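A short write-up of the structure that comes next.
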Amino acid sequence: GLEIHYDGDFPARSGIGSSSAFTVGLLSALKAYQGKIISKKKLYEESIKIEQNIIKETVGSQDQISTANGDFNHIKFKKNGKIIVNKINISSEIVNKLDKNILLFFTGTVRTAEDIAKTVITDISKKNKYFNNLYTIVDEGIKFLKEGNIDDFGRLLDKNWQQKKFLSNKISNKKIDYLYNTALKAGALGGKITGAGAGGFMIFYVPLKFQKNVIGKFKKKNILNVPFNFEK
């Protein structure tokens, strides 16, 4: 027989791609157990199929692709269903600087991403303007990272967040808006909620000199900073 034990450091439904990371990780482990070598492309394609077609959840495809590939990537989704993944070459110096200027906080609220995602795709044709704006922001973000303009990248997170909120009135709420504004007043240049929205984790770009202030403000609200580092 085969026994599988799973341990997670964070709660489920918290917007950090844990469900897709679990699917990719489990599938990869089972293939290895069978002595099979699976490509990154095949790994994320099968994981997407499991989540969307077999379990039938209303979820995106970016988390599975990011988990299977690792590192920084520019992911393009074509209308014909084709997915193109291009690695973004960023110097380790810039990655380290970005790493040091990003703070992650757990709001203490968990939610089901599918419930939010369903509201995003409702009347999706009427939201083309906002999706196009988000599409443009991706290219800007890649440009800033490659050039090392990480403060501009931080401000771009704010621009992204403002556009994302137009996609559904369930993405944010009074608590999230309050926390977001608190962070900006304390020195953050920008941020966003991770995942579908409505809870889970919030991520902020905060210059080093303001980080103690931001962390302190959130601590008073019993919302703690969760240390993390980028990895390939």
Under-5 Å amide H pairs with Val226, H placed in peptide plane, nonlocal only: Leu104, Phe105, Phe106
Pop out the carbon and sulfur fraction of the accessible area of the chain as a percent, whole number, probe 1.4 Å. 52
Taking a probe of 1.4 Å, how large is the accessible area per residue of the chain, in Å²? 61
Separation of alpha-carbon centers, the stretch 20-52 and the stretch 124-178, rounded to whole Å: 30
Given unit charges at Cβ for Lys, Arg (+) and Asp, Glu (-), the dipole magnitude of the chain about its Cα centre in debye, nearest 20, is 660
Only Lys, Arg (+1) and Asp, Glu (-1) charged, at Cβ; the stretch 127-194 dipole about Cα centre in debye: 440
Per 5 Å bin, what is the whole-percent P(r) computed from every C-alpha pair distance within the stretch 1-60? 4, 15, 25, 23, 21, 10, 1
For the stretch 124-169, restrict the atom set to alpha-carbon positions and state the Rg and Dmax in Å. 11.6, 35
As a test of understanding, state the convex hull volume per residue of the stretch 137-232 from its alpha carbons, in Å³. 111
If you scale each eigenvalue of the Cα gyration tensor by 5 and take the root, what three semi-axes come out for the chain, rounded to whole angstrom and sorted largest first? 29, 21, 20
Taking only Cα atoms, what is the 0 to 90° angle, nearest 10, from helix 40-49's long axis to the longest principal axis of the chain? 90
If you take the beta carbon distance between Ala12 and Asp99 as r and set R0 to 30 Å, what does 1/(1 + (r/R0)^6) give as a FRET efficiency, to the nearest 0.05? 0.70
Counting Lys and Arg as +1 and Asp and Glu as -1, what is the net charge of the other residues whose Cβ lies under 14 Å from the Cβ of Lys87? +4
Taking Cα pairs closer than 8 Å and at least 6 residues apart, the relative contact order of the chain in percent is 24
At 222 nm, what helix-only mean residue ellipticity would the chain give, in deg cm²/dmol to the nearest 500, using -39500 (n - 2.57) for each DSSP H run of four or more? -15000 deg cm²/dmol
Take the Cα coordinates of the stretch 1-100, assign each an equal point scatterer, and use the Debye formula without solvent to give log10 I(q)/I(0) at q = 0.10, 0.17 Å⁻¹. -0.34, -0.91
Round to the nearest 10 and give me the degree value, 0 to 90, for the angle of helix 208-219's Cα axis relative to the longest principal axis of the chain. 80
Total formal charge among the other residues, if their Cβ is under 14 angstrom from that of Gly191, Lys/Arg +1 and Asp/Glu -1: +4
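The values are calculated or read from the model by the stated rules, or taken from the named source; none is laboratory data. Just so we're clear, the structure is a prediction, and the values are computed from it rather than from any experiment. We place every Cβ from the backbone using ideal geometry, glycine too, and count neighbours over all the protein chains shown. Calculation scope for accessible area: heavy atoms of the full protein, side chains included, ligands and nucleic acids excluded. Shrake-Rupley method; radii C 1.70, N 1.55, O 1.52, S 1.80 Å.
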